Amino acid sequence: STPSTSDAVWNSLFHSDIWKLRAVYDSEDSNTAPTLPTLNVASTSQTLQPGETITGQTSGAKGLVIEGNSGTTIVHYVPVSGTFVASENVTGATTGFTKVIASVTTGSTDITSRYMLDNGQRDNIYDHGAVKLKSGETAPTGQIKVVFDYFTHTGNGYLSVDSYTGSVSFSDIPAFTS
């Protein structure tokens, strides 16, 4: 979407209970949507899980999967370290699935450091999260794409530390101070 260029305006992410901002990409053109870093791979029946860490077997590069569905030839990811290279195998840490990289597309400019996250937690509600340009930072020149992690919940009732078991480690559960 086209973001506000003001450091006084929050841009809604339309999800509640956000726990981590992963990346913000700038297309650098107001008429063009940003592109995510992408590995072009051979089509397989294996699905890499969103949030799963992938590792290049030759480069040692690491990334977090955004999307890596079976039957497709693309894996969108957020770079963590290093640079993936063509012709190497990439393996998922959770699923153990391996895909062969045909080519790597770097994606749009990463401007994550320019933004702050409001995760939506309030005293009485999990509101929608939002991002805002930090004071003094250069505004994006194009459309932005925001990659973030959020919790989903089912049922009724209050949420406690026990609501997150199996989803994330204890240290990753966001703290809330009123």
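Take the conditions (1) at pLDDT 85 or above; (2) over 20 Å from Gly68 (Cα atoms); Ile18 misses just one of them, which is (1). The listed residues are Asn89, Asn31, Asn69, Asn11, and the only one of them that is out of contact with any Lys or Arg (no Cβ under 6 Å at 6 or more places or on another chain), closer than 15 Å to Val100 by Cβ and not hydroxyl-bearing (Ser, Thr, Tyr) turns out to be Asn89.
Only one entry of Thr105, Thr109, Thr154 meets the criterion of being over 17 Å from the mean Cα position of the chain (by Cα) and among the β-branched types (Val, Ile, Thr), and that entry is Thr154.
Among the residues of the range 25-76, those that are β-branched (Val, Ile, Thr) and within 28 Å of Thr138 (Cβ to Cβ) comprise Thr32, Thr35, Thr38, Ile66. Residue check: Thr165 meets all listed conditions (1) at pLDDT 95 or above; (2) over 20 Å from the mean Cα position of the chain (by Cα) but one, namely (1).
Where strands (runs of 3 or more DSSP E) fall entirely within the range 72-178, those with at least 3 residues that are closer than 25 Å to Val41 by Cβ, open to solvent by less than 70 Å² (accessible area, probe 1.4 Å) and in contact (Cβ under 8 Å) with a residue 24 or more places away in the chain are at 74-81, 89-92, 98-105, 144-150. Among the residues of the range 37-53, not a single one is modelled with pLDDT of 95 or more, over 17 Å from Val146 (Cβ atoms) and of a type in the set (Gly, Ala, Ser).
The values are calculated or read from the model by the stated rules, or taken from the named source; none is laboratory data. Fair warning: this is a prediction, and the values are worked out from it, not measured in the lab. Counting neighbours? That spans all protein chains shown, and the Cβs are built from the backbone with ideal geometry, glycine included. Just so you know, the surface numbers come from the protein's heavy atoms only, side chains and all, with ligands and any DNA or RNA stripped out. Shrake-Rupley method; radii C 1.70, N 1.55, O 1.52, S 1.80 Å.
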